[in-house]
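The values are calculated or read from the model by the stated rules, or taken from the named source; none is laboratory data. Here the structure is a predicted model, which is why all the values come from computation and not from measurement. Cβ placement follows ideal geometry from the backbone for every residue including glycine, while neighbour counts extend to all protein chains displayed. Side chains are part of the model used for accessible areas, which takes the heavy atoms of the whole protein and leaves out ligands, DNA and RNA. Shrake-Rupley method; radii C 1.70, N 1.55, O 1.52, S 1.80 Å.
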Amino acid sequence: MAPASAAPRILMRRLREIMARPGEPQARLDAIVTQIALIMVAEVCSLYLRRTDGSLELFATEGLNAEAVHNTHLARGEGLVGLIAEKAELVNIHEAQDHPAFSYRPETGEEVYHSFLGMPILRGGRTLGVITVQNKARKVYAVEEVEALETTAMLVAELITSGELDDGVGAIADRTQSRRFSGTCVSDGIALGHAVLHEPRVMISDFLSEEPEAEKQRLAIALEELRTSIDGMLAKAEMQRAGEHREVLEAYSMFAHDRGWVNRLHQAIDSGLTAEAAVERVQNDMRARMLPKQDRFWAERMNDLESLGNRLMRLLLGSEQTSAQSSLPEDTILFARTMGAAELLDYDPAKLRGLVIEDSGATSHVAIVARALGIVAIGEVKGAVNRVDPGDEVILDAVSGEVLLRPTQDVIDAYTDKVRFQAAKQKRFAALRTREAVSADGQRIDLKINAGLLVDLPHMAQSGADGIGLYRTELQFMISAKFPRMEEQRDVYKTVMDAAAARPVVFRTLDVGGDKILPYMRMVGEQNPALGWRAMRMTLDRPGLFRTQIRALLRAAEGQVLRVMLPMVTEVSEVDKAQKLIDKEYEFLIKYGHTPPTRIEVGVMVEVPALLWQLDQLLDRVDFISIGSNDLMQFIFAADRTNAQVEARYDTLDNVFLTVVDSIIKAARRHDVPVTLCGEMAGKPLEAMALLALGMRSISMSPASIGPVKTMILSLDIEKANGFITDLMGREHGSLRPALETYAKENGVIIDAFATTSID
Ligand code: PEP
Ligand code: MG
């Protein structure tokens, strides 16, 4: 072998020349192995690439029988080469035939060779193939030789993933293989598109450097930048205090400060690599070490390290940290390991079709934003980011919770049909936009939307809703870095009112606590946060917070009607206290010469059961009430709404719950106070049918539900349904769902608009 320090450089130069030459991919592979054998003074150099079925195929060799090329296939895990691929670990032995994994293939003629050095070709957590050298002499290869082959393997990996070898070589590695991942539906729908990695992978072009000190200096600067940016993200407020997104960042921070990691990077640079190639090498080594540990903890740490290494490489190469500013396909499906809500808002929403995220579930903030943007999203999809390549075709089925990577044509066709069908339905719903929600027996129903971000606003006009029945003001607080100032709040509320034009908007005051956590607010850990210091309880204890918000609302509503709704009220005295604070702010407004709203309506969310025994006193005090069925349901049935195991155990159409709703409607009627319902059940046609049958005339729901619910209303005779449900509640107990479904079917009430073909 040439002098140790010079060999890799000569080899790299030669390999580059080979790659620059025009010619068939096979000819280039042949030239690569010949060069390696020559420079490493090896009698054999062979290159095996992984096929779609996981087997390894001999793609090129110098020294073994030429006829074996493309004819020798090793099954997954077979032989020394299979072992290297499976374990992603190198093997360096002086007598290959003594190794228990050795598998003799007569067609190769390799029995005359003894020493063996095999190196996995790794990229992004995947083994793409194996490269080996063999000699007749019995020897263990020297560190320099091992490093030279390791560097070569890195280069070949780059060539494979850059697509330069694809053409004509066949299905290299598993890039063309279809794969299916499962996760949880975060934002419903079906989307077809092309993959974009939120954090782009990097392509290294310079592997070798003769100036280790300069490389260490580059590394030091990049590492400092990396640490600062992670600390910045940790301090940033778009995360939950104890959310998974934060945990991932904390793991990054730990690695970024780890001396061992930095030492290994320095050693790799000392062996002649550039700083970025050193990062890649250390990642490969770490992966090899962690791979045999099959448990989830190590897999996650490996993912952390992988993301961190990629960040560092991007810093070293000066490339963008996220794809937000790059040119995106029109049908982008974004893949992220972890992502904050604000990061998603950096993307052009017109190009986003879908989002796949590895660490977030349905309640994360990024999920709230995805829903608000109307992007199909699936969370908790473990391992997807390492398996996807930019530009891959992807189908997201956020009805069944599946991510289909590189689907076959028949699967694409089937889904294209589904999407077409969905789009046709949406068109029909859009056509209903200008149609009033009047039931078959002539009763006008007020349909409003729930909103909470400015991106929600266009939905009001698009869906033809009568206004915003619930504006969740806490979302602005949840996605910003610190408490929004009065002026910032006022500007948002003003924008919302302007967008609503003459239509009413109900602003709910800050409903935080429980599962809605503000990262910049110190909270004590609670055993039962849903029953804890949240919403009204918190804002009454922090009157400054409440008054700032009321001031912002009053200022936004100058000369207009202001509707304010109080969440989680438990006792009527809380309404009185809130009213006093509102009055004070009103006086303040007048004192400083601002134009007041023309009228201030104060309403209350009925979501704590204790209020059910104070309805008369409550209704004497307020201008309207709105049933928060999500919380009321969890408290009536003592079933945590965020716990999947119990959340669906009890039915909103249970006679008990409908009886509660019925008694609230009757009390509101007695007091001539408007009543509405703004929990999730309002957006489900069958549930909405039951609510209207009980006498409700106003409901508020997510914008996507307006079309299906309006379709139901147009087909419903409310008077008749009222007779049915009254009788049903008098004689049955438990869930009334089956009986209500049968009623709908027998009476032509369209409760499944997606399944019907005619809506007129
Ligand atoms: C509810 O509890 O029903 C409700 C609408 O409020 P949130 O879901 O924001 O708690
Ligand atoms: Mg609630």
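What's the carbon and sulfur percent of the chain's accessible surface, probe 1.4 angstrom, rounded to a whole number? Don't jump to the answer; show the numbers that get you there.
On the way: 15940 of 31220 Å².
Looking at the chain in its full context, I get 51 percent from C and S.
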Query raised in the report: How do the peptides 607-619, 457-469 rank, highest first, by the average count of neighbouring beta carbon atoms within 10 Å per residue?
Result: 457-469, 607-619
Query - Nonlocal amide H pairs with LEU122, under 5 Å, H built at 1.01 Å - result: LEU128
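What number, in percent, do you get for the relative contact order of the chain if the mean sequence gap of Cα pairs under 8 Å and at least 6 apart is divided by its residue count? Write out the running numbers ahead of the final one.
On the way: 1413 pairs, mean separation 73.3, N = 760.
It comes to 10 percent, rounded to a whole number.
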**Report entry** Solvent-accessible surface (1.4 angstrom probe) belonging to MET486, in square angstrom, nearest 10
**Finding:** 30 Å²
Report summary line: Once LYS136, LYS351 are ranked on solvent-accessible area with the largest value leading and a 1.4 Å probe, the list reads LYS136, LYS351
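Could you please tell me the mean projected area of the C-alpha convex hull for the stretch 1-157, averaged over all directions and given in square nanometres to one decimal? Before the final figure, lay out the partial values.
On the way: hull surface 34.0 nm².
Averaging across all directions leaves 8.5 nm² for the Cα convex hull.
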Query raised in the report: Given the Cα-Cα distance of ALA501 and ALA75 and 0.36 nm per residue of separation, how much length would full extension add, in nm?
Result: 146.6 nm
Query - Hz values of 3J(HN,Hα) by residue in the stretch 685-693 - Karplus curve (6.51, -1.76, 1.60), Gly and Pro given as x - result: x, 5, 5, 4, 4, 4, 5, 5, 4
Report summary line: Counting only protein heavy atoms and leaving out ligands, DNA and RNA, the solvent-accessible surface of TYR592 at a 1.4 Å probe, in Å² to the nearest 10, equals 130 Å²
Report summary line: Sorted by chain and number, the residues with a modelled amide H under 5 Å from that of MET605, at a separation of 5 or more or across chains, are LEU566, MET568, VAL569, SER626
Report summary line: For the ARG21, SER178 Cβ pair and Förster radius 41 Å, calculated FRET efficiency rounded to 0.05 is 0.75
Query raised in the report: Over 18 Å between Cα atoms, which of LYS684/LYS710; LYS87/LYS139; LYS448/LYS684; LYS684/LYS745; LYS425/LYS684; LYS427/LYS710 qualify?
Result: LYS87/LYS139
Report task. Give me the orientation-averaged projected area of the Cα convex hull of the stretch 401-471, in nm², one decimal. Result -> 7.3 nm²
Query raised in the report: Per-residue HN-Hα couplings for the stretch 427-437, Karplus 6.51 cos²θ - 1.76 cosθ + 1.60 at θ = phi - 60°, whole Hz, x for Gly and Pro?
Result: 4, 5, 5, 4, 5, 7, 3, 8, 7, 5, 7
Query - CYS185 accessible area, assembled protein chains, probe 1.4 Å, Å² - result: 40 Å²
Query raised in the report: With a Cα-only, solvent-free Debye model of the chain, what are the log10 I(q)/I(0) values at q = 0.05 Å⁻¹?
Result: -0.35
Query raised in the report: Under a straight-distance cross-link criterion of Cα-Cα below 19 Å, which aspartates and glutamates are reachable from LYS591, leaving out those fewer than 8 residues away in the same chain?
Result: GLU487, GLU558, ASP583
Query raised in the report: Taking Cα centroids, how far is the stretch 577-624 from the stretch 13-31 in Å?
Result: 77 Å
Report summary line: In order over the stretch 347-359: 3J(HN,Hα) from phi, Karplus 6.51/-1.76/1.60, θ = phi - 60°, whole Hz, x for each Gly or Pro, gives 7, 6, x, 5, 9, 8, 9, x, 9, 10, 10, 7, 10
Report task. Can you tell me the order of 565-571, 177-183 when each peptide is scored by its average per-residue count of other Cβ atoms within 10 angstrom, highest first? Result -> 565-571, 177-183
Report task. Over the alpha-carbon set of the stretch 607-709, work out the extent along each principal axis and list the three values in angstrom, largest first. Result -> 38, 32, 21
Query - Among THR676, GLY118, SER187 the positive-end extreme of the charge dipole of the chain (Cβ point charges) - result: THR676
**Report entry** Per residue value of the accessible surface for the chain (all protein chains in place, 1.4 Å probe), Å²
**Finding:** 41 Å²
**Report entry** Residue-averaged [θ]222 nm for the chain, counting only DSSP H segments that reach four residues, each worth -39500 (n - 2.57)
**Finding:** -13500 deg cm²/dmol
